[in-house]
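The values are calculated or read from the model by the stated rules, or taken from the named source; none is laboratory data. Computed from a predicted model, the values in this text were never measured in an experiment. Methodologically, a virtual Cβ is constructed for each residue, glycine included, from the backbone with ideal geometry; neighbour enumeration extends over all protein chains shown. Just the protein is used for accessible areas: all its heavy atoms, side chains included, with ligands, DNA and RNA removed. Shrake-Rupley method; radii C 1.70, N 1.55, O 1.52, S 1.80 Å.
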Amino acid sequence: MQETISAGNGVVRDIEFGDNNLVKELYGEQSENLKEVENRYGIRVHARGGKLSLEGDSPGVDSAFRFFKELYGLLEKGYVLDPADIELAARVIDEGKIRLEDIFLDTVCVSTRKKIIAPKSITQKLYIESIRKHDIVFGIGPAGTGKTYLAMAMAVSAFVNKEVNRIVLTRPAVEAGEKLGFLPGDLSQKVDPYLRPLLDALYDMMDYDKASRLLEKGAFEIAPLAFMRGRTLNDAFVILDEAQNTTSTQMKMFLTRLGYNSKAVITGDTTQVDLAASEKSGLLEAEALIKNIEGISFVYFSKNDVVRHPLVRKIIEAYEKNS
């Protein structure tokens, strides 16, 4: 790869790549990635084979130059680009605090679809590192930021590597504007909708038949939070999802279940509490009471960490302005 810098009306920076196959992936279908960079940084991108000329104001050109250079470096190391990676990579570049490879090449696990699961933002990277280093981690932030999905990936990785003997996934069965009692079926059928997102994530990361067998054997357990009472969870990776809907008593009960050689990850969105007005969220209380205890980590996500459809971030912004 060769780089040259020249000046004219504004700034022009040239960058050249050697592998034509990687160049095609870098540019995207019908050069869509080049167009996206032009729009994001307000510059012009001219492509001639494996050579790019970036023209415009210095800050935009410099950011685009770093973007292409680091993204090409990922491709050289075998990374396979997903369309959503372009915007996520640009966000990381804009923050300017960390290299793309430090995030995108930090493999957590590989899903059954052979997709590499890795952090896609600086906060997600911090979250993964916190789970590696601490026994209790709180991931707090809006929907779509990967809090639960990455926790699940870390749990599957720990189980596959024999760091724990079982995975326990739990949620409080609290209605989001609907009444649980009116749903048809027995208790198992009533709570299944609350636990289904955890099960879906599990099946995304592990072969369906293998995961089903492990569920039958009890090595993987998915249960309402109420079923945790009176237990001690040793050699386990425990995930409490939707923790904003725990009561104070439930949160204390859950946190005191942790046994030897175990990790607990608690995820929640403090802006989406579905408890009655008279009940205090156990997540909010825990944040106030135990945040400074050594060995416990709190990681905060924002709308900038959303990895779902781009409209999700705009929806979060609209609600934030109205609150």
(request) Starting from residues that are touching a residue at least 24 places away in the same chain (Cβ under 8 Å) and among the charged types (D, E, K, R), keep the ones in the stretch 286-312 and report whichever is most open to solvent (accessible area, probe 1.4 Å). (result) ARG308
(request) Please enumerate the residues belonging to the stretch 30-83 that are part of a loop (DSSP other than H, G, I, E, B) and loosely packed, with under 15 Cβ neighbours inside 10 Å. (result) GLY42, GLY49, ASP57, LYS77, GLY78, VAL80, ASP82, PRO83
(request) Tell me, please, whether a residue that is modelled with pLDDT of 90 or more, under 21 Å from GLU163 (Cα atoms), under 12 Å from the mean Cα position of the chain (by Cα) and not in a strand (DSSP E or B) can be found in the stretch 128-139. (result) yes
(request) Would you check which residues across the stretch 202-247 are among the acidic types (Asp, Glu), open to solvent by 20 Å² or more (accessible area, probe 1.4 Å) and in contact (Cβ under 8 Å) with a residue 24 or more places away in the chain and list them? (result) ASP204, ASP207, GLU221, ASP235, GLU242
(message) Scan the stretch 108-123 and tell me whether some residue there is modelled with pLDDT of 90 or more, assigned to a strand (DSSP E or B) and either surrounded by fewer than 18 Cβ atoms within 10 Å (Cβ to Cβ) or of a type in the set (S, T, N, Q) (or both).
(response) no
(request) Please tell me if MET253 is crowded, with 18+ Cβ neighbours inside 10 Å, more than 12 Å from LEU169 (Cα to Cα) and either touching a residue at least 40 places away in the same chain (Cβ under 8 Å) or charged (D, E, K, R) (or both). (result) no
(request) Provide a single number: the residues in the stretch 263-285 that are open to solvent by 10 Å² or more (accessible area, probe 1.4 Å) and in contact (Cβ under 8 Å) with a residue 12 or more places away in the chain. (result) 12
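Conditions tested, residue by residue: (1) polar (S, T, N, Q); (2) closer than 28 Å to ASP94 by Cβ; (3) in contact with a Leu (Cβ under 7 Å, 6 or more places away or on another chain).
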| residue | (1), (2), (3) |
| --- | --- |
| MET228 | no, no, no |
| MET251 | no, no, yes |
| GLY259 | no, no, yes |
| LEU283 | no, no, no |
| ALA288 | no, no, no |
| VAL299 | no, yes, yes |
| LYS303 | no, yes, no |
| GLU317 | no, yes, no |
(request) Please specify each residue of the stretch 261-281 satisfying the condition of being farther than 24 Å from LYS133 by Cβ, of a type in the set (Gly, Ala, Ser) and touching a Leu at 6+ places or on another chain (Cβ under 9 Å). (result) SER281
(message) I need a count of the residues in the stretch 68-126 that are free of Cβ contacts under 8 Å to residues at least 60 places away in the same chain and in contact with a strand residue (DSSP E or B) (Cβ under 7 Å, 6 or more places away or on another chain).
(response) 5
